[in-house]
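**Student:** Starting off with a structure, shown below.
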Amino acid sequence: MKILVCIKAVPEPEHAICTGKDIPEVNVDDATDMRMNRFDEFAVEEAVLIKESFPETIVDVITMGPENAGKTIKRAIGMGADSGIHILSDYQTSCDAVAVSSSIAQIAKEKDYDLLLCGIMSEDMMQFAVGPMLAQYLSLSWATSVIKETIKPKDRKIYVERELEGGVATMLDINLPALLTIQSGINEPRYPSLSNLLRANKSRINVISAEALQPATASCRTVGYSYPEKTRAGLILKGTSKEKAEALLRILIKKTMV
């Protein structure tokens, strides 16, 4: 079985550079310290757990981002993945779900993966979009917010439980190949072992230029930033305790809340 885990490098908040006079904008360059998106750690861990249950499984990881995003691949190999692919791009491109999903799809369709795993979202953009878009590009069965999975390689199926609103869960049997976005809390991501970290430092990461893949043109663009507008004002009641209680009662009666 072959598994591909999609991971993202996100900037350490204290190392991102803020620019702009009136509205701050985050600027990430090759000097910015980056780490693995914490939601993706659960996806890597789930892939390694599958590998431990089915030892012939091969786990690849893939990321898209600037030069220093490569450290996330080494961390994933340290957790137990076998090899990594780095799509080299600027940080802004790695934040565009269309560009990321179309680029990964071009590589994944040539590798014949049985299962693709993504974190439920990224910490910086919180779009929940790359996984479903990638499944669409590859014409795969998919499920989001997965809180439990049981793979059945011989039947070419995977049983999943996915989280819905209000604590409700739904159960599905999905045909392989498939794509899942993994919810946080499904497992406990391990710390990379020393032996795997040493192996990761010696591993050759396959680096591919984003320009060579010619990703799909983004369908969204940022037109500006602004602070949230103040839509209502608070009211501070003054006076004695009795006067404030009476004023509050009048307000509640006026708003038909009592």
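**Student:** Each residue of segment 102-114 in order: what ³J(HN,Hα) in whole Hz does its phi give by Karplus 6.51 cos²θ - 1.76 cosθ + 1.60, θ = phi - 60°, with x for Gly and Pro?
**Tutor:** Result, ordered by residue: 5, 5, 5, 4, 4, 7, 5, 5, 8, 9, 6, 6, 7 Hz.
**Student:** List the relative contact order of segment 1-151 as a percent without decimals, with contacts defined as Cα pairs under 8 Å and 6+ residues apart.
**Tutor:** Value for segment 1-151: 28 percent.
**Student:** Another question, if that's okay. Between Thr240 and Leu164, what is the spin-label point distance in nm, taking each point 7 Å from the Cα along the Cα→C-beta axis?
**Tutor:** 5.6
**Student:** Using 0.36 nm per residue, how much length does the chain from Phe54 to Thr217 gain when fully extended, once their Cα-Cα distance is taken away?
**Tutor:** Residue separation times 0.36 nm, minus the Cα-Cα distance, leaves 54.8 nm.
**Student:** Could you tell me which GluC sites (Glu not before Pro) in segment 169-258 are loop residues by DSSP with no more than 10 other beta carbons within 10 angstrom of their beta carbon?
**Tutor:** In loop regions of segment 169-258 (DSSP not H, G, I, E or B), the sparsely surrounded GluC sites (Glu not before Pro) are Glu229.
**Student:** If amide hydrogens are placed 1.01 Å from N in the peptide plane, which non-local residues have theirs closer than 5 Å to the one on Ala216?
**Tutor:** Ser102, Ser103
**Student:** For the chain, modelled as a GNM with alpha-carbon contacts under 10 angstrom, which of Lys238, Lys111, Lys157 fluctuates the most?
**Tutor:** Evaluated over the chain, the most mobile residue of the options is Lys238.
**Student:** While we're on this one: Dipole magnitude of the chain about its Cα centre, charges +1 at Lys/Arg Cβ and -1 at Asp/Glu Cβ only, in debye to the nearest 20?
**Tutor:** Its charge dipole is roughly 800 debye.
**Student:** Starting from the amide H of Ile208, placed 1.01 Å from N in the peptide plane, find each other amide H under 5 Å away whose residue is 5 or more places distant or on another chain.
**Tutor:** Long-range HN contacts for Ile208: His86, Ile87, Leu88.
Every read-out reported here was derived from the displayed coordinates using simple, explicitly stated rules and does not represent laboratory data. Please read all numbers here as calculations on a predicted model, not as lab measurements. As a convention, Cβ positions derive from the backbone with ideal geometry for all residues, glycine included, and neighbour counts pool all protein chains shown.
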